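Please treat every number below as a calculation from the coordinates, not as lab data. All figures in this text were calculated on a predicted structure; none of them were measured in a lab.
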Amino acid sequence: MQCAIKKVSDKATAPVEIAISTTASAPRYADCRESYDAGIQYDAVITIYPPQYPNGLAVYCHLGLVVIQKRIDGSVNFTRSWAEYRSGFGDLTGEFWLGNEIVRQLTSEGTWQLQIVVGGGGGKSLTDVHSGQPFSTYDRDNDADGNANCAAQLKGGWWFKTCTGGVWNVDLVPTNLNGEYSIPSTTRGKITAV
Ligand SMILES: [Ca+2]
């Protein structure tokens, strides 16, 4: 499974700095969309140079999207603290969480869309990403359930609203992509609530 974000609007909210280099160098891409349009149309770890990261930021690009989460084999533990979800963990070439601070920085300008792909099924795009819901981890309970700590209960960080309901109150959208890893054979390949 995988989560990725893409820019859907260029509406500028801050002045754009233009860096001028006098030395010849490899092409620099502002984001995964640019690298994709330039012909890198396979999954790859690419150093992008968005305005927020003038010195470059390594990300995993997939079909023009910046992948913020990838889980393929359960090799990385996603039961992590607030600080770890903030700074990111794992390995960009394997399983990882890119990091909430990086996502916050990248999405600080323009309008972005979150796409979630579970199993081998198709992706589901959501424009209503956060629905006003802050991120929760086991050590920072920001969910809307006053009686439970959803992140602790479900063993993963997420924009939990309730522990059992949908994050966005949309049917068939997974609510806990960062919980303990498992692939139920009956739901493989489908978007499913987990
Ligand atoms: Ca709670």
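Just a few scattered comments:
- Checking the cross-link pairs LYS11/LYS161; LYS7/LYS70; LYS6/LYS70 against a 25 Å limit on the alpha carbon distance flags LYS11/LYS161 as lying beyond it.
- In sequence order, calculated HN-Hα J values of the stretch 106-116 (Karplus, 6.51, -1.76, 1.60; Hz; x Gly/Pro): 4, 9, 6, 9, x, 10, 10, 10, 9, 10, 10
- Vicinal HN-Hα couplings computed from phi for the stretch 43-50 (Karplus, 6.51 cos²θ - 1.76 cosθ + 1.60; Hz; Gly/Pro x): 5, 7, 7, 10, 7, 9, 10, x
- Extension gain, GLN52 to ASP37: 0.36 nm times the residue separation minus the Cα-Cα distance gives 3.3 nm.
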